[in-house]
1. Any idea what the relative contact order of the chain is, in percent, if you count C-alpha pairs under 8 Å spaced at least 6 apart?
2. Using the beta-carbon distance between Thr326 and Glu508 and R0 = 22 Å, what value does 1/(1 + (r/R0)^6) give for FRET efficiency, to the nearest 0.05?
3. Of the DSSP beta bridges with both residues in the range 332-570, give the percent that are antiparallel, rounding to the nearest 5.
4. Using label points projected 7 Å from each Cα along Cα→Cβ, tell me how many nm separate Leu170 and Arg211, to one decimal.
5. Pop out the Kirkwood hydrodynamic radius of the range 332-570 from its pairwise C-alpha distances, inverse of mean 1/r, in Å to one decimal.
6. Show that you can apply the helix-only estimate: for the chain, add -39,500 (n - 2.57) for every DSSP H stretch of four or more residues, divide by all residues, and state [θ] at 222 nm to the nearest 500.
7. Let me check the size of the range 137-196 from its C-alpha atoms; what are the radius of gyration and Dmax in Å?
8. Going by average Cβ density within 10 Å per residue, which order do the peptides 191-197, 148-154 take, highest to lowest?
Amino acid sequence: MATPTHSPARPIDFHHPELDSIYEGIKISPDIPQALKYERLMQILQELKKKFPRRFHVEKIGESVENRDICMVRFGTGPRKILMWSQMHGNEPTATNALVDIFNYLLTHKDDEFVQELLDGATLYAIPMLNPDGAEKNHRRNAQGIDINRDARDLASPEGRLLKSIRYRLDPQFGLNLHDQNGRRTVGNTNKIVAIALLAPPFDENENDNRNRIDAKKMAAVAYQALSPYIYGHIARYDASYMPRAFGDSMQYWGTSTLLLEAGGWYEDDPDFLVKMKFIAILEVCHAVATESYQQANPGIYDTLPQNDKELFDLMIRNATIIDGTGQPPFRSDIGINYTFSAEGDRLTYRGTITDLGDMELFAAKEIIDGTGMLVVPGLIGLLPPGQKIPLQPEQVQTWHGRGYTTLLAQHAMQNGRSLRETIKTLCEDKSLDVNIGFLARLDDLANIPLNEQATVLGDALFDGALAVLKAQQDGSRVHPLVGKILTWLHRKTLDENDLQASLSWPELLAQGRHDLPATLASSLGLLGRGRIRIGDFADIAMYAIPEGGISSISAEDLRYVIVNGRPVLPHSERKAGQQNGMVLLP
Ligand SMILES: [Zn+2]
């Protein structure tokens, strides 16, 4: 009979699946993290206070440069103090969203074992949105233009002074410094995007370990293990060396074991996902500290984590031949495309921009299109027939895509029609918009309007968003002389219907050597950054397979891809929920 060997302790996995399953039910943060601005945060804190007057402890601890309140929320009665702060960089809202969800979770699930262990073992002090002025403008820095996370020594900012004074008042053993990082970094030399990056900041130049820093590394190991079931392979070590002027490094030096948690990027158009990851990471770390189970975490996990590494594009076209639309001859290049998002109220808008050209073999992307043997040209701008109903049906849009068009111009009827503003508003809310769309006012419409009303009607159309005025062949002479002056004042052009040859396609343009037609048209419409393929331009692109006969023998059947505002719309694919590819073009 074999002697029973000493069985090793079961490793703690720091994974409480209930945090995932309860999340949707307790979430009170907006669907778009950027929509959580100062007013809304204050409103949420007040509502929680009203609903849980005896259990929700929130106090005003100071003010920002522009006199916005900075608040701190306290939970629990345990001996281990944890201080956490979010959004010291105003344009990094993910953790503020996670914090309000955490507040609601702790209040509504007070009898759960996890919550009880957490609040019995620790006292949490959370400062959501340390930089409300920056948050309001979606800026990194505070209203003085100071980066609060580089102000730990100078303390020139009221927000930085506040954070340091709170640390001295509370003397917490543990700290969580909550940020968002560049959403396009890879985990080491893999091509996987970093969803969450961790940093146990050093306290000295030699990046030595002491007890505080080892504890911070253990907290990082807890976060790593807690997040692995969801984002294994997408967790990195944040790449930073010793920065004595940063708060994380200073906290470590002052004696608070501090972990920096950075939310990065994700593949889906789901800005919410990283809020949930932060929610889980923060709670698991706090729970492990509260129960002291973090002591069993292995700090070596942190030391061996791959770092934030390469830059990653949202979309890359590799190894294509490009006609850039400026009249230059074709050249070989990769194209890097990135999306930038911005929140307008509760709506997330994005633009896909060409951010790099040239040899990018060493770069990675979330999505790659192999352009080998293909010609890349600017998407075409077409004129819709008069009287065309807007919005277009998907099949109509697909017909235009099939001919290489990415932008369509509708003719706005100035008489007896809906106001252009209403049409544009409807279109902006249309999530199915798969093509860029702009509007032209028709001059011959004006001829049928009494002279004394013409200036008003035209002015309305232009102010409501018409890009230019279309001169049809049969334009009458009964147009008020003021009309010309209005156009001059507003720097708007009059276009000839013949200039907008809707029937032209790339095979025809190539045959006629008119590579620059889309760019010329875009510029006469005031559409900067369209009709060309240059860095900074909108990514409106058509791709043709180059036949054996070479570029000049391309035909309509060779069209392979159409990209509108950075996203492939041809070949037609399942649309992601709420995804809008096209833009409504305004002057
Ligand atoms: Zn930051």
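Quick note: the coordinates plus some simple rules give every number you see, no bench work behind them. Treat the numbers as computed from the prediction; the structure is a model and nothing was measured. As a convention, Cβ positions derive from the backbone with ideal geometry for all residues, glycine included, and neighbour counts pool all protein chains shown.
1. 12
2. Efficiency computed from Cβ-Cβ geometry: 0.70.
3. Percentage antiparallel, nearest 5: 60.
4. In this crude spin-label approximation the distance works out to 2.1 nm.
5. 19.3
6. -9000 deg cm²/dmol
7. Cα only, the range 137-196: 15.5, 44 Å (Rg, Dmax).
8. So the peptides 191-197, 148-154, ranked by packing, come out 191-197, 148-154.
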